[in-house]
1. Roughly how tilted is helix 244-264, in degrees to the nearest 10 and between 0 and 90, from the longest Cα axis of the chain?
2. Let me know the shape class of the range 106-193, please: from the alpha-carbon gyration tensor, a ≥ b ≥ c as square roots of the eigenvalues, rounded when a/c is under 1.5, otherwise prolate if a/b is greater than b/c, or oblate.
3. Enumerate the whole-percent occupancy of each 5 Å bin, from 0 to the last occupied one, for all C-alpha pair distances of the range 3-160.
4. So for Leu319, Leu46, Leu148, Leu222, fewest C-beta neighbours within 10 Å to most, what's the order?
5. Would you work out which of Leu294, Leu248, Ala116 lies farthest towards the positive end of the dipole of the chain? Charges go on Cβ: Lys and Arg +1, Asp and Glu -1.
6. Any chance you could list P(r) for the chain, counting all Cα-Cα pairs in 10 angstrom bins from zero, rounded to whole %?
7. Between Leu251, Leu312, Leu141, where does the largest GNM mean-square fluctuation fall for the chain, given springs only between Cα atoms within less than 10 Å?
8. Where does helix 10-21 land angle-wise versus the long Cα axis of the chain, in degrees 0 to 90, nearest 10?
Amino acid sequence: MNFKTLTGQDALRRSLTRLVAADRLSHAVLLTGPAGSGKQSWGRALARAVLCREPAGGDACLKCISCRQFGSGNHPDYFFVEPDGRNIKIDQVRSLRPAFHLLGGKKVCLIRQAEAMTAEASSSLLKVLEEPPEGLYFILLAEQAQLLFETILSRCQHYHLQPLSRTEIQGLLMEAKSLSSEKAAMLARLSRGMPGRAYELAEDEQFDSRFEEAETLALSLLSGPDSAYHLLSKAAELAEREDLLPFLDLLCFSLRDCLVMHYCSNDRLLIDPGRPALRQGETAAEGLENIIGLINNTVHELTATNVNRRLLLEKMLILMQRRFAACRK
Ligand SMILES: [Zn+2]
């Protein structure tokens with residue numbers, strides 16, 4: 001993999017290839033972006049380009065001895081650091097320092113989840129960054145730049161990865177995972193522009209059955225009042241799910257589809273023929289928007305707080321039902 005074979009991020013590609021070609025890359029480059037945005041792929045492509053013996057236009061040639069060593073995972077001048085447990089500890093940085101100071105050629109150290117460095121590890125890295133040996137480059141990957149030492153940040157060339165477009169992700173999935181155009185389009189929507197997330201979904205064997213269950217629940221919630229007993233047992237079932245968060249994501253997705261259908265056609269929201277549909281007009285659309293907001297709030301509370309899942313889900317389903325009822329009046 002080199003810059004050329006990666007998808008999207010045109011500005012980043014232009015900037016990095018120009019700097020590598022002109023041999024003007026900073027000794028420390030920071031790549032930030034949410035989980036799954038492709039930081040590691042871009043960081044590795046940059047490391048490979050820096051180490052390449054015959055780079056063409058600032059990109060790795062993929063053919064020279066260095067590129068081949070890199071591809072097989074044992075390049076002697078490439079160092080990879082990632083959290084050992086929760087943190088990157090000082091010993092992990094300290095143990096590499098003698099190698100950094102060996103003379104000759106270029107060396108690259110890629111640090112994944114750089115914000116997980118302890119204060120001691122950060123200080124140790126800072127010492128190297130203050131007077132970097134000739135030919136040594138650091139590539140730091142992080143989700144949140146603000147968690148890094150200000151003194152480290154100020155020494156980095158900082159780039160933020162942009163979300164890919166749905167079309168770009170759809171193309172990636174069709175090519176790399178041989179998915180149908182429809183399935184790839186759907187996963188592209190769910191991935192929110194994060195290629196790593198899209199790959200995860202494509203590899204998830206439970207995806208199809210989870211999606212079917214989410215659609216069934218969306219339809220049953222949309223199509224009519226349920227008894228309190230049923231709602232409470234649904235909440236209990238949901239609370240037991242290990243995949244609750246991806247499930248709620250799919251529930252939102254199914255409901256959002258209904259919303260799109262509503263905006264795109266003047267037809268009534270025909271959710272399930274034979275059952276009462278939501279009435280036409282702004283109320284139904286607003287109601288669905290509110291309900292999606294409600295699920296998002298629930299997801300937020302589930303991830304940010306230590307709440308009782310079952311009680312929270314009972315509340316969510318009861319409020320959802322009330323809002324649907326208000327739409328039908
Ligand atoms: Zn090469």
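We did not get these values from a lab; they are worked out from the coordinates using the rules stated. Here the structure is a predicted model, which is why all the values come from computation and not from measurement. Ideal geometry is used to build each Cβ from the backbone, glycine not excepted, and the neighbour counts take in all protein chains shown.
1. The helix 244-264 is inclined about 70 degrees to the chain.
2. Prolate.
3. With a bin width of 5 Å, the distribution comes to 2, 9, 20, 23, 22, 15, 8, 1.
4. Listing Leu319, Leu46, Leu148, Leu222 from fewest to most nearby Cβ atoms yields Leu319, Leu148, Leu222, Leu46.
5. Sorting the options by dipole projection puts first Ala116.
6. The calculated distribution, bin by bin, is 5, 21, 24, 20, 15, 10, 4, 0.
7. Largest GNM mean-square fluctuation: Leu312.
8. 10
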